[in-house]
Amino acid sequence: MKKINIGLLGLGQIGTGLYEILAAKKGLFACQLGVSFELKRIAEKYPERNKKVRPPKKIMTKDAFSVVRDPSIDVVVELIGGTTVARQLIKEALKNGKHVVTANKALLAEHGDEIFALAHRMKRWLCFEASVGGGIPCIKALREGLAANRIDSVHAIINGTTNYILTQMTAKGMSFAEALAGAQKQGYAEANPFLDVSGHDAAHKLAILARFAFGGKVKFKDIYCEGITEISSDDIAFAKEFGYTIKLLAIAKKSGSGMEARVQPTLLPNSHILASVNGSFNAILMRGDEVGDVLFYGRGAGPHPTASAVIADLVDIAKAGAEGPAEDRFMVRALGKTIPVKSIFSIQSRYYLRFNVIDRPSVLAGISKILGKHGISISDVMQRERSVGRVVPLILLTHATHEKDLRAAVREIDGLSCIKGKTQVIRIEEA
Ligand code: HSE
């Protein structure tokens, strides 16, 4: 029986989930996998706050550095989060010869070059299944199941909080603020929901996915990121009338010798498979050159789903043997040259535009003249309300056009006297 001594950093929500599963399934892991996972040390600053589990006092410490330096520990599981102390702890663990399992997407997105290179140099496993898509085994799929493929695109819903908010807005006509309050009440959104609603959490996950899907370094700061705070229930209702659903998508596509990579609210045709991914669920759609489209769907957050991914990594490490990777090609590829990310100004897309216009003659003619001048072709128009002389929403959908032309046209249109308030621009992604 293989025995793996684990040092756990952080007994928060996911740490607690891990503790519970390891305790409940000890026998199963032993008999089905031939592995005995021993939680030898746990570092937690505020153990008294944990109302669910009470590990033996003798394995608890407040000094996380003593865990990563402990010679009896084989694998360090980092579930503290953040990019400062966690970064030091992971580096220290690797330098001390430990394998590392982490759920820390922000750290891997922002400091992946340093952390992955160190793991490779030290010949230690650095496993991070839990960092993207919670319990969905999408990293393992890239490493193994899709090994025969060149990945050409990734379209993903990888933030459960924002998907829950948009689903509530769509189903119940709620405003963003109402739906956010509901998400906080349900325990999906943090008290400070900035990372989720700004799209940054999804961008962190996309940086990791793109690195391992396309094989190369990805500069996190080059990933364009728009959140959902400006999406109104009107936008959702108008999109519905055109046959679209609004989702926060993380998109990465091969483009020439580089790629497009962005997080954005997106109009998806209702027939698109991601349009029916609702509530707090996540889904990752990847296109491989051999396999075609593959969809991974499941719980992208929560203590037990995320701990499920952590344990999958622990099982891999146990099976691979304590000596560590001789040559990890998956990692080596992702440490290769930097994949340039195209500027958002040079992408092409279709667009949903909502203008707030004064309802008077020739307003539409004025707008379409400017769009025409910039080479932008309209595919659909809608004005539902009639209120002569008052402000009403006017919705246009465009054919595919360059973002820089679209932005120049909207800037010019926003200067017209008939336009009141901010124009809404949302990209459309086709099936
Ligand atoms: N807050 C994230 C979400 C989970 O809502 O999906 C952790 O990344």
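Within segment 46-66, residues that are at negative phi have Cβ atoms under 6 Å from residues that are modelled with pLDDT of 95 or more and of a type in the set (D, E, K, R) in these pairs: I59/R41; K62/K45, counting only partners at least 6 apart in sequence or on another chain.
Okay, residues lined up against (1) surrounded by fewer than 19 Cβ atoms within 10 Å (Cβ to Cβ); (2) within 11 Å of the ligand (Cβ to nearest atom):
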{"site": "K185", "(1), (2)": "yes, no"}
{"site": "A189", "(1), (2)": "no, yes"}
{"site": "P193", "(1), (2)": "no, yes"}
{"site": "S198", "(1), (2)": "yes, no"}
{"site": "L206", "(1), (2)": "no, no"}
{"site": "D222", "(1), (2)": "yes, no"}
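Can you give me the number of residues within segment 151-178 that are among the β-branched types (V, I, T), away from the ligand (no atom under 14 Å from the Cβ) and open to solvent by 10 Å² or more (accessible area, probe 1.4 Å)? Outline the logic, then answer.
From segment 151-178, those among the β-branched types (V, I, T) are 151, 154, 157-158, 161-162, 165, 167, 170; that's our starting set.
Right, trim to away from the ligand (no atom under 14 Å from the Cβ) and you get 151, 154, 170.
Subset that is open to solvent by 10 Å² or more (accessible area, probe 1.4 Å): 170.
Selection size over segment 151-178: 1.
The residues in segment 393-431 that are loosely packed, with under 14 Cβ neighbours inside 10 Å and either in contact with a Leu (Cβ under 9 Å, 6 or more places away or on another chain) or not assigned by TED's automatic domain parsing to the domain that holds I370 (or both) can be counted, and the count is 2. A search for C-beta distances below 6 Å between a residue of segment 183-212 that is outside the structural domain of A103 (by TED's automatic domain parsing) and modelled with pLDDT of 95 or more and any residue that is among the aromatic types (F, W, Y) and buried (at least 17 other Cβ atoms within 10 Å of the Cβ), counting only pairs 6+ apart in sequence or on different chains, returns A207/F220.
Comparison of A326, A312 shows that the only residue that is away from the ligand (no atom under 16 Å from the Cβ), under 30 Å from L33 (Cα atoms), modelled with pLDDT of 95 or more and open to solvent by 20 Å² or more (accessible area, probe 1.4 Å) is A312.
The values are calculated or read from the model by the stated rules, or taken from the named source; none is laboratory data. All values derive from a computational prediction rather than experimental measurement. Glycine gets a Cβ as well: all are built from the backbone with ideal geometry, and neighbour counts include every protein chain shown. Ligands, DNA and RNA are excluded from the accessible area calculation, which covers all protein heavy atoms including side chains. Shrake-Rupley method; radii C 1.70, N 1.55, O 1.52, S 1.80 Å.
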